[in-house]
Structures are given as C-alpha cells and as structure tokens.
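Colleague: Below you will find the structure I want to go over with you.
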Amino acid sequence: MAIVTLTPEEARALGCLMEKAVTTPDNYPMSLNAVVTACNQTTNREPIVSYNESVVETALDTLREKALIRRVKSTGQRVIKYRHVAEEALVLDRPESTLLGVLLLRGAQTPGELKQRTERWHSFRSLADVEDALARLATAELVVRLERRPGQKESRWTQLLAPVETAEQPARDWAPREGSDDRPRSDAEHHSEAAPVHGADREPEPVSQPHSLEVRNPATGEVVRSVAITEPGEVALKVARARHAQPAWAARPYGERAGALRAFRTLLEQEAEECAQITTSEVGKPIRQSRNEIRAVLERIDWNIEHAGRVVEPREVTTSDSLAERITYEPVGVVAHISAWNYPYFVGLNSIVPALLVGNAVCYKPSEHATLTGLRLVDLLHRSGVPVDGVHAIVGAGPTGAALVEADVDMVCFTGSHATGRRVAAAAADRLARVQLELGGKDAAYVCDDVSIDDAAMAIAEGAFYNTGQSCSATERVYVHEAIWDAFNAALVEAVSAYTVGDPTDAATDIGPLARSEQLDVLEAQLADAVRRGGKILCGGDRIDRPGNWFAPTIVIDAADDAAIMRDESFGPVIGVSKVSDDADALAHMDGTEYGLGASVFTPDRARAQRLLAGLDVGNAYWNTADRSCVRLPWSGRRNSGLGTSMSESGVRAFVREKAWHLFP
Ligand code: NAD
C-alpha cells in the first residue's frame, strides 16, 4: 500500500540530501549509490542512473513544494547546488537518517508494519527511539506531514504515525525546537504548503511481496516458524552498514579476526546438537548427516584459521638495490553470499569464514529452505566477536537474493542452480562485481570390468543417495562395463534396498524427505520421460504417500542418452544406469552433459583411472569414491557447473584483491 511514491528526480534529490545528511560528523557512510539503488528498487520507475545539477534543482523545487524540504524555502535561499541545500536544510543523525531510509525505501507500509519493522531495525532499540527520531525529523520539517493536527482527517503520513502513538504511548506533542521557525500548522496552511504525495488520495494498493517466510518441515509439511523477510530497502541499508564496518574489521590484526572465528568454531561445536536439529527440521536432512556435516565443517574452519593469514601475507618477488617488486592482498570489501540449502554449513561457511578472516564484511542470504540454520550461524558469529555490521543475515527467497546482488556489494558468491546462477551473473555484470558461482552437476561414474562389484555398488549408492541425493556432486549417472552389467545392477539394487527411509530425526534413517516440494514433480517428469525413452525402473519410481515431500529411492536402467534423467540434474534419490562397451565408450558418455563438476572411475587399476579422469572436463576427479569434497583441495565446477574456486588456498585468495608494487629506490 503506497504511502510515498517518489518520481526518480525526487528520489534522486532525497538521495542527495540523505547522502549529505549522513556524512555529517556522525558519519554514517550511506553511499549515494546505495541510496540510489534502493530508491530505484522502491520507486519502480525509470531508474536513476546519473546526476545532473539542474535536474536535482528541479527536483528540489518539487520537494519544496511538497514541504519535504520547506526550510530551504523559508530561508529564502536560492538553490545553486544541492550541497548548499543539504547544509542548510538538514543535519540528520544516524537514527534519523535510518528512519528516513525506512520511510523512503520501504515507502509502502501499513502503520502497524512500520512500527513492527522499525522496532527490529538495528538503530532502533525501542519505540521511544522511533518516536524521538520522528520528532526530530518533524522538527527538521522533513516529515512535516507527520504532525498531528487537531481535527485533521488522517493523511497517509499521519496514518503512519498514529498507531505508534496509540499503541503504547500517549499522543506526542510535536513541539518545535527553541529558535526554529517550526510551529504547529493550521489545516489550511498545511494543505497549501504540503501538496499530497502521489497516490495519497488513492486506496491502498496490494503489497506484491510477502513480508514473512514460512519455514516448513519437509518431513511433515508443517510450519516450523515464520521469519520476517529483509525488505529490498533494508537489504541496501544492511549492505551500507557492512561497508561502513568493513575497514575497521580489516584493520584488526589477523590474530584478532582469527580469534573471533575460533570462538565461533567453539560455539558451533558446543551447540552442534541444537544446530543439527534445526537443520533437520527445516531441510529434512537425516539427523546423522546433519551431525556429520557440522563435525566436518569444524575441520574446515580450523584449516582456514590456520592457513588464511599465510595465504594473504605480502610477498616480495624481487629485491635488489635498484628494484623491489612485491604483491600485497587487500580484502574485496563487502561480499554477498547467496546460499543453497542442501549443505548449509559447508556452503555458507566455505565463503563466510575465509571472507571474514581476510578482512571482508559479509551479507549472507541463506536459502529460504535453510533460513533458521543461516540465522543461527550469524547469531553464533556475532556472539563470537564478529561485529554486528561485519556479517549480516538477509532473509528471503529469490527477490531478496536479487536485491542483494543489485545492492552495493563488491562480490557475489552464489551457490545454487545453473538457471539462477546465470541470472545472478548477468545482474552482477552490470556493476562488474566479482562473481563466484557454484552450480549444479550431473556427475557420472564409470564402473570398469575389473572391479570388486559389491564394493563399487556400495560406494556408488552412497555417492548417489547420501543427503537423499540432494548433493551437487551426487552420482546421478552410472556407466557400467558390459562384462559386469547384470551383476552390478543386482548389487546396486541390493545396496539401495538396504537403506532405511523415514523420519529424519531418527539416527537410523539414511534417506529422508526432499527439501523442496517442487522437486517431486521434476523427478516424476524425469522418470516418465525415461520410461518413454526405453528406461526400466529396477526399484522405487514413485512418491511415497505420506505428508511431506517423499520420494522412494529409484534406479532406472537403459534410458536413452537424451533422456532427461541422463542429461539434466535430478537432485533427488534417483539414479540412471547405462551399459558401455569399453573405456572409450564410457569417456564419450561421461562428458556428454553441459555440467562439469565431478566424475568417478571405479577400478583397482590406478593408471587406468588416472588416464580416464585426466581426459574429462570436470573440476573434481574421483578414483574409487564419489561425492567428496575436502578443504585442502580446490572446489570448482566447469561449464554449467560454475565459475571460480572455493576451499583450499585458491578459495582464500578468492576474497582478496592483489596489488602489484613497482618500487624504484
Ligand atoms: P536455487 O538456484 O533455487 O537457489 C539458490 C539461492 O539463490 C537461494 O538462496 C535463492 O533464494 C536464491 N535466488 C533465487 N533466485 C535468485 C535471484 N534471481 N537472484 C539472486 N538470488 C536468487 O538453488 P537451490 O535449490 O537452493 O540449490 C540447489 C542447487 O544448488 C542445485 O543445482 C545444486 O547442484 C546446487 N549446489 C551446488 C553446489 C556446488 O558446490 N557446486 C553446492 C550446493 C548446491
């Protein structure tokens, strides 16, 4: 429901004013870009792309007419440059400018929502803070329409304020400040000076974005909790706060930052069981696997703490009497991390930990399917000594992620599907923000004729069905040498049939529900397509009929090469198996998709495996194993599987910029 609808020029002028205002001695460094980005998002009109003083002056005139900056008019000052206007008209402190941000950038709240949201806004610890800031803004005539005038029919602005007063506090007397020309105004005076904002005489418009996110338990379909979404304007402000906090965090000695991350590691270990329960409740991950993930991520944190400082130490590459050449490493700045849900600890902390260690600030949007886990991680980080503005949680689904990419961030680390990754890269390209993408996969395994069949079947089943098949590097296709075709399929069916499917909170469970209900349709469609293209289902093949998102572990053989199940990511407990005649045939099939994350070869012959794996266009090569990652090794996908590298020394360097020094004494 629109209360304020600003034209681009008005928004631009207010952006100027805000920027000026927030670089007063309080020095809250909301960059103009952040304001403008946020205004662009809010106004939903032609984007503001450039500044031109005459345009700004025109806009200021409009704003004066609306009494938003009436003090300028009252001094009779001719506006020459917007800077003069700002100096004359406004000196806002941080809560005021934040509130102004709230009013402008959200610009479309019901009174109750405004109250609720300003209360959870960092700068406002209490309703009294909000009222105080409103009072000062009113005194500065910036929100003069917030004044309460006896007998006046409520305008949108007064609607904004009224519930704040009536809910918990008596009506406020908006007394002018000593020496100011502020005074309560008559209705007539008010109407003549303060033209209604655009749309003020219209009925409220429906809000298109939901304001909260329902976290559901995928095992039951029940709502676990409802969490407030970070609105686009709030995203921009959080990024601005992160930008402000980052230099001080980067200026701390490495030991201090490492100390905070070490404290975080300790807290995570202490609260591991509670964290595992949270993850299982919202992702549906079998509890044993949630616990394993946390245990394993502790080692990754340790590795990063031990090595990140060394990796970014300055390097002298030439030292002589006449020349010195050196390389130094500086943090990238503000890193946005947009996460997938399937391994929320691995995926989140693979970026957050090294990024913070080398001095970046992080704005972290956990997946909407792992929000509670993400919020807990940020809470632990704050409790461990990482500054509140050093790491921010951004809550929401796709639109919130898009707002984060478009905010004033220096780097976007994205983990998710190829389709979303492309959108993220395109949006970030506009500002040439650095991008790292960890995307989907369609990993293939080749089972040679000389294997121990049972061992290979067990390992491949594990690689395919761990985490209910929802791993980017899950084995999704198997190519089996024709010499062992029947025996291998029988062993695979036996291995898969031994899995316990059921309640993810039970430690005996191997396979739980799918995290996303939509994926059930994807799997169903892939199986129908596979059967149409010659596939035979050896086990499973259907949803499991119970509340929640359940699909039976499924093996399909003989589906044609162009069947979706042999080509597109399945991301569920489903595997396709095909026969090949020899190594060359296997190689041709394994590289036959658009993905290039990982591939595995099962044979006792190391040389044969190495030769085959060396010929594949993948980032991860597995011999007699699959679906493995390790912090000591780089993690990267090729082609549609991603861009850039995480983990290992490369994953630390991903978060710094190099500076080359050419020094002639
Ligand atoms: P997804 O693409 O649906 O969502 C990923 C994240 O992007 C979520 O946080 C989502 O809210 C956000 N998002 C959605 N639209 C956006 C937009 N327009 N702009 C910015 N952000 C947006 O993927 P998912 O279902 O969360 O994750 C599953 C996918 O992730 C699979 O394809 C899997 O293979 C991949 N994955 C890859 C790796 C890897 O290391 N390569 C690791 C884990 C998962």
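Colleague: Testing the spin-label approximation: label points 7 Å from Cα along Cα→Cβ at residue 288 and residue 224. State their distance in nm.
Modeller: According to this spin-label approximation, the distance is 2.0 nm.
Colleague: Please find the FRET efficiency linking residue 319 to residue 251, where r is the Cβ-Cβ separation and R0 is fixed at 41 Å, and quote it to the nearest 0.05.
Modeller: Here the calculated transfer efficiency is 0.95.
Colleague: How large is the convex hull of the C-alpha atoms of segment 435-556 per residue, in Å³?
Modeller: 138
Colleague: Would you grab the residues whose amide H sits under 5 Å from the one on residue 391? Only those 5+ places off in sequence or on another chain, please, with H modelled 1.01 Å from N.
Modeller: Answer set, sorted by chain and number: 362.
Colleague: Using the Karplus curve 6.51 cos²θ - 1.76 cosθ + 1.60 with θ = phi - 60°, work out ³J(HN,Hα) for each residue of segment 622-638 in order, rounded to whole Hz, and write x for Gly and Pro.
Modeller: Karplus-based 3J(HN,Hα) across segment 622-638 equals 10, 10, 6, 7, 7, 6, 10, 9, 8, 5, 6, 10, x, 10, 8, x, 10 Hz.
Colleague: Using 14 Å as the cut-off for backbone N distance, which residues of segment 463-500 belong to the label zone defined by a point 7 Å from the Cα of residue 539 along Cα→Cβ?
Modeller: Only 463-466, 488-500 fall inside the zone, counting backbone N under 14 Å.
Colleague: Counting other Cβ atoms within 10 Å, which trypsin sites (Lys or Arg not before Pro) in segment 595-665 have at most 15 and lie in a DSSP loop?
Modeller: 628, 632
Colleague: Figure the gain on full extension for residue 299 and residue 525 (residue separation times 0.36 nm, minus the Cα-Cα span) and round it to one decimal in nm.
Modeller: The residue 299-residue 525 span can extend by a further 77.4 nm.
Colleague: At a threshold of 8 angstrom on Cα-Cα distance, excluding pairs fewer than six apart, so keeping six or more, what relative contact order does segment 229-332 reach in percent?
Modeller: Relative contact order of segment 229-332: 19 percent.
Colleague: I've got another one for you. Residue 451's amide H: which non-local residues (gap 5+, or another chain) put their own amide H closer than 5 Å, with H modeled 1.01 Å from N in plane and none for Pro or chain starts?
Modeller: For residue 451, no residues qualify.
Colleague: Can you give me the C-alpha center-to-center distance between segment 312-383 and segment 242-272, rounded to a whole angstrom?
Modeller: 11
Colleague: Once phi is turned into θ = phi - 60°, what whole-Hz ³J(HN,Hα) does the Karplus curve with 6.51, -1.76 and 1.60 give for every residue of segment 326-340, x standing for Gly and Pro?
Modeller: Computed from phi, the couplings for segment 326-340 are 9, 10, 10, 10, 10, x, 5, x, 9, 9, 8, 10, 10, 10, 8 Hz.
Colleague: Report the Cα centroid-to-centroid distance between segment 522-546 and segment 574-600 in angstrom, as an integer.
Modeller: Comparing the Cα centres of segment 522-546 and segment 574-600, I get a distance of 20 Å.
Colleague: Tell me which residues come under 5 Å, amide H to amide H, from residue 580 once H is placed; ignore anything under 5 positions away on its chain.
Modeller: 480, 481, 482
Colleague: Hey, another quick one. Hey, rough spin-label estimate for residue 657 and residue 269, points 7 angstrom out along Cα→Cβ, what's it come to in nanometres?
Modeller: Here the answer is 3.7 nm between the modelled labels.
Colleague: Follow-up question, since we're still on this one. Once label points are set 7 Å from the Cα along Cα→Cβ at both residue 624 and residue 507, what is their separation, rounded to one decimal in nm?
Modeller: Placing both labels 7 Å along Cα→Cβ, they lie 3.0 nm apart.
Colleague: How much length would be gained if the chain were fully extended between residue 277 and residue 327, taking 0.36 nm per residue of separation minus their Cα-Cα distance, in nm to one decimal?
Modeller: Answer, rounded to one decimal: 13.5 nm.
Bear in mind these aren't lab numbers, they're just calculated from the coordinates by the rules spelled out. None of these values were measured; they are calculated from a predicted model. Neighbour counts run over all protein chains shown; Cβ positions are idealised from the backbone, glycine included.
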